[in-house]
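Worksheet: the structure to be examined is printed underneath.
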Amino acid sequence: MNRFPPWKYALLVIALGVGLIYAMPNLFGDDPAVQVSSLRGFELERDMPARIENVLTNAAIEYGPIEFEPQRLLVRLDNVDRQARAADALRDALGEDYVVALNLAPATPAWLRVLRAEPMVLGLDLQGGVHFLMQVDMDTARTQQLERFVTSMRNLLRDEQIRYRSVRLDRNQVVAELRSPEDRERALRVIGREIDELILETRDGSETFNIRASIDEDVLRELQQTALRQNITTLRNRVNELGVSEPVIQQQGADRIVVQLPGVQDTARAKQVLGSTATVEYRGVDEQNDPFEAHRTGRIPPQSLLYFMRDGTPILLSRTVIASGDNLINAQAGFDSQTGAPNVVVSLDGPGARRMLEHTSQNVGNRMAVVFIEHRPEVREENGVEVPTTRRVEEVISAAVTREPFGGRFQTTGLGSATEASQLSMLLRAGALAAPMQIIEERTVGPSLGQDNIDQGFRSVMIGFALVLVVMAVYYKVFGLVANIALTVNLVLIVALLSLLGATLTLPGIAGIVLTVGMAVDANVLIYERIREELNNGNSPQAAIRAGYEKAFSTIADANVTTLIAAVVLFLFGTGPIKGFAVTLSLGIVTSMFTAIVGTRGVVHLIYGRKKRLKALAI
């Protein structure tokens, strides 16, 4: 007599119940929605739902439930026409400080959302997603590099004690004004030895002896390629921080990057993180001059720059940058141990740490400011044509007194919220972009584009599923029907696991499911053929069932483990669609082994296990 422990039945019931719960959200579809979030990642005001209701009511737009969270607000609507009208009305009413994005919100019932049951994330080729074409500003990359050369030349001349009047940027050249021919000769030798990327030429001014330095063309081309590669790497890091699976980030042409984020729900967040070029600069505060007077009269001291605090208060800062985002090694969001305010703990590299230590050692008791710099992608109209551009926004987020000298590790405070601290640390940790980028093409790919793929993929799964059901039922009779039940449960478990893990289902992923449908009954075929052999050898039906499951197990394990190894290798070394295929294949192998070995054994035991005088099997 066969035995099947009660705990295995309990395991089967739990697996089936969990599978049904987490597969169920895929039956409810999506609602058109409009999402509102802060451009800079600030928490939304508590009265934002009321403002949204007033705007939509005044625009005579019917709307559904409004879901409010500190970081975002979601308005559900009945159809895409109302979705588009609502988005236009909200953009006009809220202004440029907020991002209004079209979205698809899962229509999952509340009781399933409480259990954190969400539908599968479909890939760009099925559900759609976000497609960005980003233009790298190579002119700015060259200017930034020249500004670094300006700083380097100043430091060299100062270290070598060479007298100079100024070192400045003049269009695409760096101009160093020396006081005598001897100083210029010494400067030529030092600069030529230390900065070999520059082409140096001499030119006399009216009262000075000048050196003009320009970047070598080969160096400039390499600089542009390096900037492009660094931006691609940075975008990959930022996408990883967003937690997007199977992104596509690749170079297009000499100065463009394509970014595809399949299955992204928070499109506004993706655009905000990818489109922003954020960094910080640390500058000393000019305590000798009155910033209010400078702002009123427009007369700014030559050694200072006029900035503004967040509350609009003017402040004068030194032109010399102590450290910048280029010197950052790491940045972690946290809370100040004394005040409890949100902060970002910053670590600097060697050169930045030395400059910071030198400045703070000489300026104990004076203030040092933290300037947040962001390049925001925008579109302006010129002669009726929309032209993409980038607006530079500079804001002093902190101007604290230096209490004691510090160097490579310190904290940045003055942030508005923990969310803002987290966003700033993420942008800095992901790496500063080598050059600003602007989004010149943005497509939110709707589900209609991939509907044919969805239909054909679903049709292929159903056809393969139906054919396997028919063959198994005809060839193995009752045992075939048991295998069909296991195959159905197997599909439910695959969908549940994809939903539970948040994996992205792509068209190659559907191919993996189709392959799994065919492979899932392999284990049952091995078991059933073994049972037939045992029956032909004269064993009793009960002994044949027991021997069939026990003796076929090693063969089933060997076959599936080798396929699983191949799938894991595909996942580790593959990219994009190949990973999607590997994920569904791996999950299908695991679930098919469970349903074929444990599941069918339990059902067969229910049918035949308690029949002591069993004479034949319907196999």
- Item | Complete set of residues in region 85-133 that are assigned to a loop (DSSP other than H, G, I, E, B), among the acidic types (Asp, Glu) and either within 26 Å of GLN438 (Cβ to Cβ) or over 22 Å from the mean Cα position of the chain (by Cα) (or both) | GLU96, ASP97
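If you take the residues in region 33-79 that are outside any strand (DSSP E or B) and among the basic types (Lys, Arg), which one is modelled with the lowest pLDDT?
Applying the first criterion (outside any strand (DSSP E or B)) to region 33-79 yields 39-65, 69-71, 77-79.
Next cut, among the basic types (Lys, Arg) only: 40, 46, 51.
Values: ARG40: 57, ARG46: 85, ARG51: 91.
The selected residue is ARG40.
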- Item | Residues (in a loop (DSSP other than H, G, I, E, B), out of contact with any Pro (no Cβ under 9 Å at 6 or more places or on another chain) and in contact (Cβ under 8 Å) with a residue 40 or more places away in the chain) located in region 134-181 | ASN172
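In region 510-532, is there at least one residue being in contact with a Lys or Arg (Cβ under 7 Å, 6 or more places away or on another chain) and of a type outside the set (Gly, Ala, Ser)? Working first, answer last.
Taking region 510-532 as the starting set, the residues that turn out to be in contact with a Lys or Arg (Cβ under 7 Å, 6 or more places away or on another chain) are 530.
Subset that is of a type outside the set (Gly, Ala, Ser): 530.
Yes, region 510-532 contains a residue that is in contact with a Lys or Arg (Cβ under 7 Å, 6 or more places away or on another chain) and of a type outside the set (Gly, Ala, Ser).
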- Message: Looking only at region 570-593, how many residues end up being in contact (Cβ under 8 Å) with a residue 12 or more places away in the chain and over 17 Å from LEU515 (Cα atoms)?
- Response: 1
- Query: Would region 195-204 turn up any residue that is of a type in the set (D, E, K, R) and either part of a helix (DSSP H, G or I) or at positive phi (or both)?
  - Reply: no
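If you take just the strands (runs of 3 or more DSSP E) that sit entirely in region 336-428, which of them hold at least 3 residues that are surrounded by fewer than 16 Cβ atoms within 10 Å (Cβ to Cβ) and at pLDDT 75 or above? Working first, answer last.
On the way: elements: 342-348, 367-382, 385-401, 409-412.
It comes to 385-401.
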- So, of the residues in region 513-560 that are closer than 25 Å to LEU606 by Cβ and acidic (Asp, Glu), which turns out to be surrounded by the most Cβ atoms within 10 Å (Cβ to Cβ)? GLU534
- In this structure, does PRO25 turn out to be in contact with a Ser or Thr (Cβ under 6 Å, 6 or more places away or on another chain) and either modelled with pLDDT of 85 or more or closer than 30 Å to VAL393 by Cβ (or both)? yes
- Could you say which residue among GLU287, GLU281 is touching a strand residue (DSSP E or B) at 6+ places or on another chain (Cβ under 6 Å) and either over 17 Å from GLU442 (Cβ atoms) or at pLDDT 65 or above (or both)? GLU281
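The values are calculated or read from the model by the stated rules, or taken from the named source; none is laboratory data. Given the structure is predicted, the values throughout are model-derived calculations rather than measurements. A quick note on method: Cβ atoms are made from the backbone with ideal geometry, for glycine too, and the neighbour counts reach across all protein chains shown.
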